[in-house]
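*Asks:* The structure that follows is given in the form of structure tokens.
No lab work stands behind these numbers, since they all come straight from the coordinates. Just so it is clear, the structure is predicted and the values come from calculations on it, not from any experiment. Positions of Cβ are backbone-derived with ideal geometry, glycine not excepted, and every protein chain shown enters the neighbour counts.
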Amino acid sequence: MPHYCVLADHTPDICPSSNAKTRARAMEAMAPEAMQKVAGSVGLTFVVEPFHLDPGHRTIAVVDAPSVEAVAQFVYETGLSQWNTVEVAPITPIGEMMARVNDFPVVFD
């Protein structure tokens, strides 16, 4: 199954630590049991569970999912995109990428 990186950023004014409405939504949707329920419903599993990058306002996770659309559905259903700018990117282990590096044309001498 493909791996995806999920990066989520928000500003201090809508941070769950400082905004009552965001806090209520985050506590409801981002509780481990709630996230696991949504993850299961879209076929997503965590390779690296969501981590907060201290002391800022960024979260990162690595997931296995059947498609980028499944990851997007997870983001929507958990509400993560309601208080974050979310970026989802397919990822490749460096070992696999390095095994293919000679397949790419050289652009710069």
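*Asks:* Using only Cα atoms, find the angle between the long axis of helix 20-29 and the longest principal axis of the chain, and express it within 0 to 90 degrees, rounded to the nearest 10.
*Replies:* Roughly 60 degrees, rounded to the nearest 10.
*Asks:* Enter the angle in degrees (range 0 to 90, nearest 10) between the Cα long axis of helix 32-42 and the first principal axis of the Cα atoms of the chain, meaning the one along which they spread out most.
*Replies:* Once rounded, the angle reads 50 degrees.
*Asks:* Given charges of +1 on the Cβ of Lys and Arg and -1 on the Cβ of Asp and Glu, with all other atoms neutral, how large is the dipole of region 1-42 about its Cα centre, in debye to the nearest 20?
*Replies:* So the magnitude is around 100 debye.
*Asks:* I've got another one for you. With just the Cα atoms of the chain, tell me how far they stretch along each of the three principal axes, in Å, largest first.
*Replies:* Taking max minus min along each principal axis of the Cα atoms, the chain gives 53, 32, 19 Å.
*Asks:* Which of Ala65, Thr11, Val106 sits closest to the plus end of the dipole of the chain, meaning its Cα is farthest towards the positive end, when Lys and Arg get +1 and Asp and Glu get -1 on the C-beta?
*Replies:* Projecting each Cα onto the dipole axis, the largest value belongs to Thr11.
*Asks:* Residues of region 59-80 with amide nitrogen under 13 Å from the 7 Å Cα-to-Cβ point of Ala24?
*Replies:* None, by backbone N distance to the label point.
*Asks:* Evaluate the charge dipole of the chain about its Cα centre and quote only its size in Debye, nearest 20, assuming +1 on the Cβ of each Lys and Arg and -1 on the Cβ of each Asp and Glu.
*Replies:* Once rounded to the nearest 20, the dipole reads 340 debye.
*Asks:* Order of 91-102, 66-77, 45-56, 30-41 by packing, highest average Cβ count within 10 Å first?
*Replies:* Averaged packing, sorted descending, gives the order 66-77, 30-41, 45-56, 91-102.
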